[in-house]
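Only one structure is covered here, and it is reproduced in the block below.
The values are calculated or read from the model by the stated rules, or taken from the named source; none is laboratory data. Fair warning: this is a prediction, and the values are worked out from it, not measured in the lab. Cβ sites come from the backbone with ideal geometry, for glycine too, and all protein chains shown count toward neighbours. Calculation scope for accessible area: heavy atoms of the full protein, side chains included, ligands and nucleic acids excluded. Shrake-Rupley method; radii C 1.70, N 1.55, O 1.52, S 1.80 Å.
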Amino acid sequence: MKINLKKDFLYNLFFAFCVIIPFFNNYELSFLCWFFALIFTLKKRYSLRFITYLSFFVLIFIFSFIVGLFYNHKLYFVLRDISYLLKPIFGLLIGYQFYKNNIKSPFKFLLNAGVLMAFIHLILVGYGVFIKGATSVASIRFYGGYFNDFEVYTLIILIFHKKLNVNISKKKYLTYLIILGLSSFFYLARTNFIQFVILFLALKEWLRITPKTISLGIVSVILLSLSYFAIYQYNPKRNGGAFDEFLYKVKLIPLEAFATKINRYDWKDFHDHYRSYENVRTVEQMSYHNSFLFGEGIGSQVDLKQKVYLGDMYLRKISILHNGYMTILLKSGVFGLLLLIGSIAFLFLKFPSINDVDKNINLFFLGTGVFLIISYWVFMGFYNLLDSKSILIGFLFAYKSSLKARIT
């Protein structure tokens, strides 16, 4: 019994390691770890539903690779793009393969990884605030991290633990809630706040179209509009305190990613609308090359026409953009973009539920589909190099498949 418990603990720790490793922003190391995890957890069988979902990303990769053969891209950028486009494929497979039928509480298995990650994040935030004196939004995120979708998923799992058959004591529940709640908040990421709301509504079954949800949606739109108007009137300062700095980023939400005219010689305008600038340059470049239909393949880059400080270096040409739709359009054209949209639509398909847990997995997929519409636009979705939510989704596909197998 002790040996089995030790094996289960190590297995959960191995899973947590795969989830946490991308957080430390070393993609080469993350890719290597994911590759070995993929090999060590191979399965003999995969559900048809999972293979269908995975095929969207496999086809994007294959088509991008074939298109790239018609261009003379540099080998380094080709190899780098191969690893980038393999990321969601690896993540989904690893998550699916980590699921085992003898895991007593699969959602608790995911929760443990999220709590461990949150604990590490809070240590980093504490180091930044109390040791390095970080007080602004930018400096706190510099030390603690910029976002974490996986933690928000596990926070939702914790909040709805009774619906998901997660047995947990009240004391542990409150402890986990404080850890996950504080950690999720201190990413100070707008997309994570949006993700939380979407997943919460999904598990509450308020994303289905009914008279009640339509009324709720109208009220929510009105409240959000009034809140944004109040922030706009308040006119928060870019270089004000932490509160003003955060509100300033909220104020930019409707403008940051949708602007079409950006003055790259005006630092403020360029900085506030940089994500839109990436999109504008991509469209201009693809228009010039007449490459919208098939894209420019693996190894392609977008010329920003000036050097920009990204990550830890200045770059003029970039292989991936913040916008996942535009990145896939660049690599594989309209065909790849339709596949990406298809992968989102697949999560909206209403499959019959075997039991309450299966029903809640379907709700997770629904919420994920809604969130990915936004996530791909602002932060690459499954293709983000720092993210590991694809592992969680792959795990849920395997759990769902096992539930069906038990009945049949």
Among Phe14, Thr191, Phe77, whose Cα sits farthest toward the positive end of the charge dipole of the chain (+1 at Cβ of Lys/Arg, -1 at Cβ of Asp/Glu, about the Cα centre)? Phe14
Please find, in a Gaussian network model of the chain (springs between Cα atoms separated by less than 10 Å), the residue of Phe107, Phe229, Phe294 whose mean-square fluctuation is greatest. Phe229
Which links in Lys100/Lys404; Lys44/Lys108; Lys43/Lys404; Lys170/Lys404; Lys43/Lys400 stretch past 21 Å when you go from one Cα to the other? Lys44/Lys108; Lys170/Lys404
May I ask for the distance between the Cα centers of region 82-98 and region 313-390, given as a whole number of Å? 13
Using a 1.4 angstrom probe, figure out how much accessible area region 149-209 has per residue, in square angstrom, rounded to the nearest whole. 46
What figure, in Å² to the nearest 10, do you get for the accessible area of Glu205 with a 1.4 Å probe and non-protein molecules left out? 70
Whole-Å distance linking the alpha carbon centroid of region 35-64 with that of region 111-179 is 30
Under the rule of -39500 (n - 2.57) per DSSP H run of 4 or more residues, summed and divided by the residues of the chain, what mean residue ellipticity at 222 nm is obtained, to the nearest 500 deg cm²/dmol? -22500 deg cm²/dmol
Mind computing the radius of gyration and Dmax over the alpha-carbon atoms of the chain? Å is fine for both. 21.5, 67
Give me the three principal axis extents of region 90-195 from the C-alpha atoms, as integers in angstrom, largest value leading. 46, 36, 24
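Suppose every K and R has +1 on its Cβ and every D and E has -1 on its Cβ; what is the size of the dipole of region 1-126 about the Cα centre, in Debye to the nearest 20?
In debye, rounded to 20, region 1-126 gives about 580.
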Of the listed peptides 18-25, 343-350, what is their order by residue-averaged count of other C-beta atoms within 10 Å, with the highest listed first? 18-25, 343-350
Region 150-209, dipole about Cα centre (Lys/Arg Cβ +1, Asp/Glu Cβ -1), debye to the nearest 20: 240
Describe numerically, in nm with one decimal, the distance between label points set 7 Å from Cα along Cα→Cβ at Ser227 and at Tyr11. 4.1
Using the Cα atoms as the points, what is the convex hull volume per residue of region 293-408 in Å³? 114
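Accessible area of the chain with a 1.4 Å probe: how many percent of it is carbon plus sulfur?
Accessible surface attributable to carbon and sulfur in the chain totals 68 percent.
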I'd like the accessible area for Met313: 1.4 Å probe, protein heavy atoms, all chains in place, Å² to the nearest 10. 90
Nearest-20 debye value, the chain charge dipole, Cβ charges on Lys, Arg, Asp, Glu: 1280
Result for region 286-395: accessible area per residue, probe 1.4 angstrom, in square angstrom, of 38
